[in-house]
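**Student:** Sending over a structure as structure tokens; questions will come in a sec.
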Amino acid sequence: MKGGTKQPRHLTLQLNISLNMDFRNSTLGSGFILVGILDDSGSPELLCATITALYMLAITSNGVLLLVITMDARLHVPMYLLLGQLSLMDLLLTSVITPKAVMDFLLKDNTISFGGCALQMFLELAMGSAEDLLLAFMAYDRYVAICHPLNYMIFMRPSVCWFIVGATWILASVIALGLTIYTMQYPFCKSRQIRHLFCEIPPLLKLACADTSTYELMVYLAGVSMLILPLAVILASYVRILFTVLNMPSNEGRKKALVTCSSHLIVVGMWYGGSSLMYVLPSKFHSPKQDNILSIFYTVVTPALNPLIYSLRNKEVTGALRRIFGRRLVPAQSTF
């Protein structure tokens, strides 16, 4: 019909593309809105206070452990070099997420810019990937120390230790950068609300207005690789350690080895438990509330508890604490 109002198909397609581009451009300009667990909780004030307390504990405990490892010459050995790197990663990881989440809740402003979201995602992925790798290297360190004690300073000489540290940071940063760039190149036109505590890949992809199924599979495989491969190294190391410890003639040596290894295993269980459920569990089993709880566990709770787990049962660390802080509190007394 000549008098009809039906528009040509190519004009309709151009209009839809224009609307999508406008929405995407507005997202680039105004960013996203983080709707995390503090907004959906029944007692948000109590939860906010708890998260703040855990963050302060993480800052204090990791900062003190880093200070002690740096200042006490007796702790300048491979085990504590790696432990210091773990504390640094925990410190950075929780600082990337927690202060913004708390301030957003207090100021009632949950917005985050497009660039800020990308930066937060990159830093979280870099710290998380680095911790995955470092925990595996720490298990290898314990394996060499217990199973090959005479060759320990050969296998874990300073050049090897610094190579491990450098490789961990560089590899984790490259992985994080690739995932961040690929994630942020999608057009986001469904909503500005990210139902998560911070910018993370799974909740952000739900806002994309393009097909992300192939990329989601790639992220899943990358997550499995970054978790399962280091975990396999950890399990293999501890199987060998267990057989060696059971054959030790000295009860004192056996007890010391078990105490050191049990602390590491507790940290491994806490970290890999939360991370595995977040990145290995198929997306159909995820819910925003569950993902928020898991995120709090491995970005707030774990960094707060890790230094306590390692230091409270470690006589060398507690001795270093007494030497350093005792010397400052009682300067007139001799420490020898």
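**Student:** What trypsin sites (Lys or Arg not before Pro) in region 102-202 are in a loop by DSSP, with at most 12 other Cβ atoms within 10 Å of the Cβ?
**Tutor:** LYS108, LYS190
**Student:** Mind ranking 268-275, 205-212 by how tightly packed they are, going by the mean number of other C-beta atoms within 10 angstrom, highest first? Please report the intermediate quantities before stating the final value.
**Tutor:** On the way: 268-275: 18.0, 205-212: 15.5.
Taking the mean over residues of other Cβ atoms within 10 Å, the ranking is 268-275, 205-212.
**Student:** With springs only between Cα atoms under 10 Å apart, run a GNM on the chain and tell me which of ILE170, ILE37, ILE69 wobbles the most.
**Tutor:** Its mean-square fluctuation being the largest, the pick is ILE170.
**Student:** Along the charge dipole of the chain, Cβ charges K/R +1 and D/E -1, which of ILE324, GLY178, PHE32 sits furthest on the positive end?
**Tutor:** Working it through, the farthest residue towards the positive pole turns out to be ILE324.
**Student:** About the Cα centre of the chain, what is the dipole size in debye to 20, counting +1 per Lys and Arg Cβ and -1 per Asp and Glu Cβ, all else neutral?
**Tutor:** Rounded to the nearest 20 debye, it is 260 debye.
**Student:** Say we join alpha carbon atoms closer than 10 Å with springs in a Gaussian network model of the chain; which of LEU281, LEU54, LEU65 then has the biggest fluctuation?
**Tutor:** The residue with the greatest mean-square fluctuation here is LEU281.
**Student:** Further question: So which GluC sites (Glu not before Pro) in region 126-218 pass both tests, a DSSP loop state and at most 14 other Cβ atoms within 10 Å of the Cβ?
**Tutor:** For GluC sites (Glu not before Pro) across region 126-218 that sit outside H, G, I, E and B with at most 14 neighbouring Cβ atoms in 10 Å, the list is empty.
**Student:** Give the carbon-plus-sulfur fraction of the accessible surface of the chain in %, rounded to a whole number; probe 1.4 Å, heavy atoms of protein chains only.
**Tutor:** Answer for the chain: carbon and sulfur cover 69 percent of the accessible area.
**Student:** Another one. Once you put a point 7 Å from the Cα of ILE181 and another 7 Å from the Cα of ARG322, both along the Cβ direction, what distance in nm separates them?
**Tutor:** 5.3
**Student:** With only alpha-carbon atoms in the gyration tensor, what are the semi-axes of the equivalent ellipsoid for the chain, in Å, largest first?
**Tutor:** Rounded to whole Å, the semi-axes are 46, 23, 16.
**Student:** Now a separate question. If you stretched the chain out fully between TRP162 and ARG74, how much longer would it get, using 0.36 nm times the residue separation minus the C-alpha to C-alpha distance?
**Tutor:** 29.9 nm
**Student:** Taking the solvent-accessible surface of protein heavy atoms with a 1.4 Å probe, what is the per residue accessible area of the chain in Å²? Walk me through the numbers on the way to the answer.
**Tutor:** On the way: 17410 Å² over 336 residues.
Per residue, the chain has 52 Å² of solvent-accessible surface.
**Student:** Also, quick follow-up: Kirkwood Rh over alpha-carbon pairs of region 90-228, then Stokes-Einstein at 20 °C and 1.002 mPa s: what D in µm² s⁻¹, rounded to an integer?
**Tutor:** Estimated diffusion coefficient is 125 µm²/s.
**Student:** Right, next: Please give me the summed charge of the neighbours of VAL96: other residues whose Cβ is under 12 Å from its Cβ, Lys and Arg +1, Asp and Glu -1.
**Tutor:** Around VAL96, the charge tally is -2.
**Student:** Now for a separate question. Whose amide H sits under 5 Å from the amide H of GLN193, counting only residues 5 or more places off or on another chain, with H placed in the peptide plane?
**Tutor:** Placed amide hydrogens put ILE33 under 5 Å from GLN193.
**Student:** So what's the convex hull volume per residue for the Cα atoms of region 179-231, in Å³?
**Tutor:** 82
The values are calculated or read from the model by the stated rules, or taken from the named source; none is laboratory data. What you are looking at is a predicted structure, and each value in this text was computed from that prediction instead of being measured. Here Cβ is always computed from backbone atoms with ideal geometry, including for glycine, and neighbour counts include all displayed protein chains. What goes into the accessible areas is simple: the full protein's heavy atoms, side chains included, and nothing from ligands, DNA or RNA. Shrake-Rupley method; radii C 1.70, N 1.55, O 1.52, S 1.80 Å.
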